[in-house]
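All remarks here apply to the structure that follows.
The values are calculated or read from the model by the stated rules, or taken from the named source; none is laboratory data. Here the structure is a predicted model, which means the values were calculated and not measured. Note that each Cβ is placed from the backbone with ideal geometry, even for glycine, and that neighbours are counted across all protein chains shown. Quick note on the areas: whole protein, heavy atoms, side chains included, nothing else; ligands and nucleic acids left out. Shrake-Rupley method; radii C 1.70, N 1.55, O 1.52, S 1.80 Å.
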Amino acid sequence: MLRLPPFQYVRPGTLHEAVGILASEGGKAVLMAGGTDLLPRMKHRVAALEVVVAIRALRELRGIWGDPRQGLVIGAASTLAEVCSHPAIRQGYEVLSLAAAQVATPQIRNMGTIGGNLCLDTRCSYYDMPYTWRKAMGFCLKKNGDTCLVAPGSTRCWAVSSSDLAPVLMALDGRVRLVGPRGERVVPVEELYRDDGIRYLNKEPAEILTEVLLPPLDGWKAAYWKVRRRGSFDFPVLSLAVAVRQDEGGHIADARLILGAVRSSPLRVREAEEALRGEKLEPGIMEVVCELASRAARPVENTDFTVLWRKRMVKVFLRRALGTFA
Amino acid sequence: MKEFTWISKPYPRVDAEAKVTGRVRYADDLVLPGMLFCKLLRSHLPHARIRRIDTTRARSLPGVLAVLTGKDLPAHKFGILPTSQDQEALCVEKVRYVGDPVAAVAAIDEWTAEQAVRLIEVEYDPLPSYMTIEDALFKEGEPIHAQGNVHKEVSLEFGDVATGFEEADYIREDIFLYHGSAHLPLEEHAAVASYEPGDLLTVWSSTQVPHYLHRTLSKVLDLPMSRIRVIATPVGGGFGGKSDIFNHEIVVAALAMITGRPVKCTLTREEVFYTLRRHPTLMWVRTGVREDGTITAMHFRAILEGGAYGSYGVATTYYVGALQPITYKIPNYRFEGMRVFTNAPPGGPKRGHGTPQPRFALECHLDKIAEDLGMDPVELRRRNLVAPHTKTVNWLRITSCGLAECLKKVVEASRFHEKHRRLPRGRGVGLAVSGYLSGAGLPIYWNDLPHSQVHLQVDRSGSVTLSCGAIDIGQGSNSVLVYTVCEILGVSPEDVRLIVADTAITPIDLGSYSSRVTFMAGNAALQAAQRMRDLIAAAVAEKLGVPAESLIFQGRQVKVGGGEDRALSWREACEVAEARYGLLSATGTYTPPRLAGPYKGSGVGPSPAYSYSACVAEVQVDEETGVVSVEKIWIAHDIGRALNPLLVLGQVEGSVYMGLGEALMEDLSVRQGVIRVPSMLEYKSPTVKEMPEVEAFLIETVDPEGPFGAKECGQGPLLPVPPAIANAIYDAVRVRIDEVPITPEKVLKALERRRKGEEGRFGPGGFPAIRFKEPIRVAPPSPSSAGRVEPRP
Ligand SMILES: Cc1cc2nc3c(=O)[nH]c(=O)nc-3n(C[C@H](O)[C@H](O)[C@H](O)COP(=O)(O)OP(=O)(O)OC[C@H]3O[C@@H](n4cnc5c(N)ncnc54)[C@H](O)[C@@H]3O)c2cc1C
Ligand code: SF4
């Protein structure tokens, strides 16, 4: 069995204290919420850290309030199981509860948090492996090495953004509150991410994501489609979050379209959103939109399934996703 | 028919409660005082010469008690088969795959051991690596073993194939590829060794083959078998993956001897992937049939990608050709097989050992022939089915055979004829049948000894101590042993103390492989119990003055039959017998009849009885994504007699599950010399969500040789599943995927080809142009020797 390396486990009593520890320990410390992403990486020896700062029990990070009329606040340490079952989410933001229900397995959803899901490390089939395996395969840019094994010659890492909730929260126009040594800020979910497999978050290491904020629904309807080998357990190899606001005649007043798992950050396809505006969801326009999305998606060969198939599936599943609003 | 009390009843497994409550102690659960932890340094190169190993830094790390290299061990090679002694516990000169162990550390904890392993310096001279069948056959360079990259070649011809093809009205050829797969047991392999004053070495291991481990340890450590004790701990899933001898088992023993302290090694999941795998197999088959579908000749060729060592590979190579004739009458049959070495983990047995691959090929091939002839695939098979109590062209003795009944059952239950070629596009049904052995007829090392033995001891307390070398790997052998003895002695499972798989105190059973345990240990248990009953009956009969034959052992009583209501309680009866004879002891033994045919290579294939299965799969294929979902499986299995229907159904459903995984997603592929994804998350195997509804039927043919008539069920039901699914996909969308796993990409590719007017197929394009050696020609058994099998006395 793979074992954890030795580390110091600290459990701060307040958010303030947690930020303080992170700031003072520098790169040696890391946050842990549910640990379902962090601990496997420590076992794989890609995360080599001396101090683990556990935040799951922090009061400031817990709780879910609000409703579709006022908007919603979700504490970052809420578990995925709580997100799945919370009445305000199930009734008002059903797409979020359905997406959360597709993350991993029931056991992992009982531990894993929404904050951890948003900060989930990017994934790559050359990286999410034990030290011994990576040594045999050759180390890569993201850890211990100096070249990308998927795209040799590339100076960047193409590891895949694999969070199921990030695209959905973007489709719902969500924002996150970050609290750090220099105070707090609220940013759109989209701005949390960078298209870089190594530095994939636009935040300071000592900044803690404390809340997810959702605006009132205001007529938006949303859908989430996740493509993967198996109906449980697997990360997405492609995901699609689509939200639309339609008038009585079925014309689209506004749309948001996000692809997950095709690059190192969720990919918002603005051209496709633009193309949808003012249109009715008819075959012709759907084809245009699918084409735009498919062109924007440029996955690389580092997840399950072949790149070719993943790319082809963009159109197939986008058509199906849009079909739910037609 | 006699009413049974314990047999044929769906009682839960005897260890069910312990398992579900977590009380079973697996090898990794063992903790001994002063125990050290071992980690192996494994090669990170697929093929290289070892120039130098420097362990100085590792040795000086605090907490490290020993660092071992191959040079510190006696220079004995080992291998599970006597003909393939090609492995070293730690490589001395060469490493042959990524994962091949070169050094080992014993330290006070796993973390220290891991750090020390990283401090071992090895200098290698890399060699060209051979990753595919083509590499092994055609690439220049230093071969993997001195003998060259061809490990084994088999060439056999039964009857006269040329004439057979001349008699055919129609001949078809096909090529198939079956990718490798992992066993994926939940429990990772683990072993603990302790070496005690008085020179007794004890090794606990999660192994399917404690007896073979015992023999191997004796050989490689230069210790007599009498000074070694091997205890197989309950195995948390094996599927063949724990049926070989593994480096860590030898290494912990050597480290325990050196340090004088117990040593444990538990493999990581990654390391489990480096132990054994199902052989990737490329196959070519040519069959001639008459207009009415009768087979006149078959020529089957296969190349097995064998990995770095021999393992069971010689047997596997024969198995790829041996069992085609046990389901169909093939009057003329030629088999050419070759196993090549590659720089990958060794190919070994996995559920169905060498037979799922050819079964996939054969059943898809026949489906195509039926289509070509415009024949119903059920009818084509029916025409050719073997009959009970006959001999096959390659001299295999068929006894009971419920194949026709199995076929009828699944065809009716699935309403195959209403569906086949009639369902809406995208939906389809497919059919396949198969057969498998109930235990190999020969042991893996040549001897005349029994294959399984059971010892029973009873005393005045009424408790029955049952000991047997068999190890329960989840298949339920413990339950079979206990229920068998309960049936004969009329006692309850609570009365039986079971001691298994401990070479110091249990009589030898060859191991849990080849579906042999229920059949062979079951027969041994039956014989021991009957002897014990006779002993007690004699004493009780004398005491009560009644004939021994009139006594009935039932409900913890020994009753006088024939309307009398006199009875002794079981405990009283035991007391009477112990007073009369002293310690009550009985043994049972099973040795299969000699069944091998008169030719070299005839040792692989014979079995005292064959099980049969038939399967219909119904699938839905999404033509836009290529995703196949299996909607339902109907499977009928000729079990001889279900000693415990609950356990049998568990095995049948488990086999369906495993077949489903191999059919649709499991692919232990190698990328740049390294197993692509040795992880439980990324190596794709179905979960409960992919598992379709399974409707299983047990067909009872009461085999003359099996215990109470039973045959095997642990492996056979896997075989028809992948081809049934492939055939159903053809029915659904008219493309042939001649390669498993059948992934969405392959389905889409085939659909695309079909749309373009090309052949709607995905599969290997060719079979390497190699000349097999001249076949050994074997005359089929004469019709007179092909009949009658005498019932067991
Ligand atoms: C087998 C398996 C399957 C999985 N399948 C999926 C899947 O299908 N889809 C999916 O999206 N995920 C999947 N996951 C990943 C993971 O379980 C979830 O994303 C989960 O929500 C992560 O939450 P956590 O609290 O456990 O994160 P942690 O492991 O605690 O943290 C993850 C990362 O986020 C950082 N972090 C955590 N909380 C905060 C915070 N509040 N502020 C700032 N940084 C923070 C941590 O430092 C760490 O780097 C899977 C994991 C496993 C093991
Ligand atoms: S994308 Fe390249 S650099 Fe990034 S993890 Fe994969 S192999 Fe490494």
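Summary of computed values
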| quantity | calculated |
| --- | --- |
| Meets criteria (open to solvent by 40 Å² or more (accessible area, probe 1.4 Å), within 14 Å of chain A (Cβ to nearest Cβ) and in contact (Cβ under 8 Å) with a residue 60 or more places away in the chain) for B:PRO126 | yes |
| Residue match in segment A:128-136 (condition: under 19 Å from the mean Cα position of the chain (by Cα), of a type in the set (D, E, K, R) and within 10 Å of ligand 1 (Cβ to nearest atom)) | yes |
| Residue among B:SER43, B:SER8 that is away from every other protein chain (no Cβ under 14 Å) and hydroxyl-bearing (Ser, Thr, Tyr) | B:SER8 |
| Considering residues of segment A:112-128 that are over 26 Å from B:GLY99 (Cβ atoms) and among the polar types (S, T, N, Q) only, the residue farthest from the other protein chains (Cβ to nearest Cβ) | A:THR113 |
| Enumeration of residues in segment B:583-602 that are of a type in the set (Phe, Trp, Tyr) and crowded, with 17+ Cβ neighbours inside 10 Å | B:TYR590 |
| Top-ranked residue in segment B:656-693 [being of a type outside the set (A, V, I, L, M, F, W, C) and under 25 Å from B:SER611 (Cα atoms); ranked as nearest to the other protein chains (Cβ to nearest Cβ)] | B:GLY661 |
| Candidate set from segment A:158-175 (those that are more than 20 Å from A:LYS221 (Cβ to Cβ) and within 9 Å of the chain's Cα centre (by Cα)); member that is farthest from ligand 2 (Cβ to nearest atom) | A:SER163 |
| Residue in segment A:17-36 that is in a loop (DSSP other than H, G, I, E, B) and either within 14 Å of chain B (Cβ to nearest Cβ) or over 30 Å from A:LEU217 (Cα atoms) (or both) present | yes |
| Hits in segment B:370-410 (condition: touching a Phe, Trp or Tyr at 6+ places or on another chain (Cβ under 7 Å) and open to solvent by less than 30 Å² (accessible area, probe 1.4 Å)) | B:VAL378, B:ASN384, B:LEU385, B:VAL386, B:VAL393, B:ASN394, B:ILE398, B:CYS401, B:GLY402, B:LEU403, B:CYS406, B:VAL410 |
| Among residues of segment B:625-643, those that are surrounded by fewer than 23 Cβ atoms within 10 Å (Cβ to Cβ) and under 23 Å from B:TYR11 (Cβ atoms), counted | 1 |
| One residue from A:ALA99, A:ALA77 being touching a Ser or Thr at 6+ places or on another chain (Cβ under 7 Å) and buried (at least 18 other Cβ atoms within 10 Å of the Cβ) | A:ALA77 |
| All positions within segment A:176-197 that are free of Cβ contacts under 8 Å to residues at least 60 places away in the same chain and either assigned to a helix (DSSP H, G or I) or within 16 Å of ligand 2 (Cβ to nearest atom) (or both) | A:GLU191 |
| Segment A:142-160 - residue that is in a strand (DSSP E or B) and within 16 Å of ligand 1 (Cβ to nearest atom) and, of those, farthest from the other protein chains (Cβ to nearest Cβ) | A:LYS143 |
| Within segment A:129-141, considering residues that are within 12 Å of chain B (Cβ to nearest Cβ) and not in a loop (DSSP other than H, G, I, E, B), the one farthest from ligand 2 (Cβ to nearest atom) | A:THR132 |
| Hey, A:VAL95 away from ligand 2 (no atom under 16 Å from the Cβ), modelled with pLDDT of 95 or more and assigned to a loop (DSSP other than H, G, I, E, B) or not | no |
| Considering residues of segment A:36-65 that are away from ligand 2 (no atom under 16 Å from the Cβ) and acidic (Asp, Glu) only, the residue least open to solvent (accessible area, probe 1.4 Å) | A:GLU60 |
| Failed condition for A:GLY71, given (1) out of contact with any helix residue (DSSP H, G or I) (no Cβ under 9 Å at 6 or more places or on another chain); (2) in contact (Cβ under 8 Å) with a residue 60 or more places away in the chain; (3) within 12 Å of ligand 1 (Cβ to nearest atom) | (3) |
| Residue in segment B:135-144 that is aromatic (Phe, Trp, Tyr) and within 14 Å of another protein chain (Cβ to nearest Cβ) present | no |
| Unmet requirement for B:ALA696, which otherwise passes all of (1) away from every other protein chain (no Cβ under 11 Å); (2) part of a helix (DSSP H, G or I); (3) buried (at least 20 other Cβ atoms within 10 Å of the Cβ); (4) not polar (S, T, N, Q) | (2) |
| Residue tally, condition under 21 Å from B:ARG269 (Cα atoms), open to solvent by less than 10 Å² (accessible area, probe 1.4 Å) and among the β-branched types (Val, Ile, Thr), over segment B:644-687 | 2 |
| Residue that is of a type in the set (D, E, K, R) and open to solvent by less than 30 Å² (accessible area, probe 1.4 Å), where the choices are B:ARG580, B:ARG516, B:ARG533, B:ARG497 | B:ARG516 |
| Filtered residue count, segment B:447-463, keeping only those that are under 22 Å from B:GLN554 (Cα atoms) and surrounded by fewer than 24 Cβ atoms within 10 Å (Cβ to Cβ) | 7 |
| Segment A:200-247 - residue that is free of Cβ contacts under 8 Å to residues at least 24 places away in the same chain and within 14 Å of another protein chain (Cβ to nearest Cβ) and, of those, least open to solvent (accessible area, probe 1.4 Å) | A:ARG230 |
| Filter pass, B:ALA48 being more than 28 Å from B:PRO443 (Cβ to Cβ) and either among the small types (Gly, Ala, Ser) or within 14 Å of chain A (Cβ to nearest Cβ) (or both) | yes |
| Residues located in segment A:110-128, provided they are of a type in the set (A, V, I, L, M, F, W, C), more than 8 Å from ligand 2 (Cβ to nearest atom) and open to solvent by 10 Å² or more (accessible area, probe 1.4 Å) | A:MET111, A:CYS119, A:LEU120 |
| Residues (closer than 15 Å to A:ARG109 by Cβ and either touching a Phe, Trp or Tyr at 6+ places or on another chain (Cβ under 7 Å) or open to solvent by 10 Å² or more (accessible area, probe 1.4 Å) (or both)) located in segment A:80-96 | A:ALA81, A:GLU82, A:CYS84, A:SER85, A:HIS86, A:ARG90 |
| A:PRO12 vs. criteria without any contact (Cβ under 8 Å) to a residue 12 or more places away in the chain and either more than 10 Å from ligand 1 (Cβ to nearest atom) or assigned to a loop (DSSP other than H, G, I, E, B) (or both) | no |
| Pairs with Cβ under 6 Å, 6+ apart, first in segment B:297-313 and within 30 Å of B:PHE246 (Cα to Cα), second crowded, with 24+ Cβ neighbours inside 10 Å and of a type in the set (D, E, K, R) | B:LEU304/B:ARG339; B:GLY306/B:ARG339; B:ALA308/B:ARG96; B:SER311/B:ASP244; B:GLY313/B:ARG339 |
